[in-house]
Amino acid sequence: MSIFSRFMDIVNSNINAILDKAEDPEKMLRLMIQEMEDTLIELKSNCAGRMAEEIKLERKKKEAENAFSRWSSRAMLALEKKREDLAREALVEKRKAKGEIDRINLLLEQMKATIEETKKEIETLEEKMQSAKSKLRILREKQERAENERKSSRTGTADFDQRFSDMEEKIDRMNAENEMRRRTSADEKFQKMEEDEEIEKELEELKKKVER
């Protein structure tokens, strides 16, 4: 079972209803808390892995930005040296670097959203676990109080049928999947023509700057 499936099963579970049907409520609560703790460890590990991936993407973005600046400078230098052929090649590389920057920015946006969603899942599960621990503590206190009453009075009877309904919260189902946007592209030949035209325009602008 995936972490997400386990998480949703835990979050959507009604602790009170489960305890009502359990032969040993205390044992059931202990098992539920253990399952929550195990799932929480996996969620935190998963979140840490995604945060590490985010750092790698940020590093790659910086490299692409440096490449963009480097090829921009080379295009200008080539024109100053009267090498339009090299300037044109530099502008092509500059455009590739810009495309890489855009691609990484999209990945970073998706990664940040996923990390934020995972943090919310962790927070929700921690709240659910605290609720379960509170119920376990109350159950033990009631059992201890009942045992003391039984010892101090023959007529005293403990009420073990009281239900735990004081702390149950309704938790909205969270959607942890981020819908990927698909970008449509124009016909490849026209796109190439447009890119070549833009490069020629940029080349002319650089030539004007050099001639000044």
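The values are calculated or read from the model by the stated rules, or taken from the named source; none is laboratory data. If you're wondering where the values come from, they're calculated on a predicted model, not measured in any experiment. FYI the Cβ positions are ideal-geometry reconstructions off the backbone, even for glycines, and counts take in every protein chain you see. Each accessible area value is taken on the protein alone, full model and side chains, heavy atoms only, with ligands, DNA and RNA left out. Shrake-Rupley method; radii C 1.70, N 1.55, O 1.52, S 1.80 Å.
A few comments on the model shown:
- Within straight-line reach of residue 82, meaning a Cα separation under 16 Å, sit the following lysines at least 8 residues removed in sequence or on another chain: 207, 208, 209.
- Converting phi to 3J(HN,Hα) with the Karplus coefficients 6.51, -1.76 and 1.60 and the offset θ = phi - 60°, segment 119-129 yields 4, 5, 4, 4, 4, 5, 5, 5, 5, 5, 5 Hz in sequence order, with x at every glycine or proline.
- Here is the list for segment 79-109: trypsin sites (Lys or Arg not before Pro) lying in DSSP coil, each with at most 11 other C-beta atoms within 10 angstrom of its C-beta, are 81, 82.
- Taking all protein chains as they are arranged and a probe of 1.4 Å, the heavy atoms of residue 108 leave approximately 10 Å² accessible to solvent.
- Overall form of segment 76-125 per C-alpha gyration tensor (a/c, 1.5; a/b vs b/c): prolate
- Listed pairs 56/128; 21/128; 60/128 exceeding 27 Å between Cα atoms: 56/128; 60/128
- Three-way shape label, segment 16-125, alpha-carbon gyration tensor, a/c 1.5: prolate
- Compared with the alpha-carbon gap, the fully stretched path from residue 105 to residue 147 is longer by 8.8 nm at 0.36 nm per residue.
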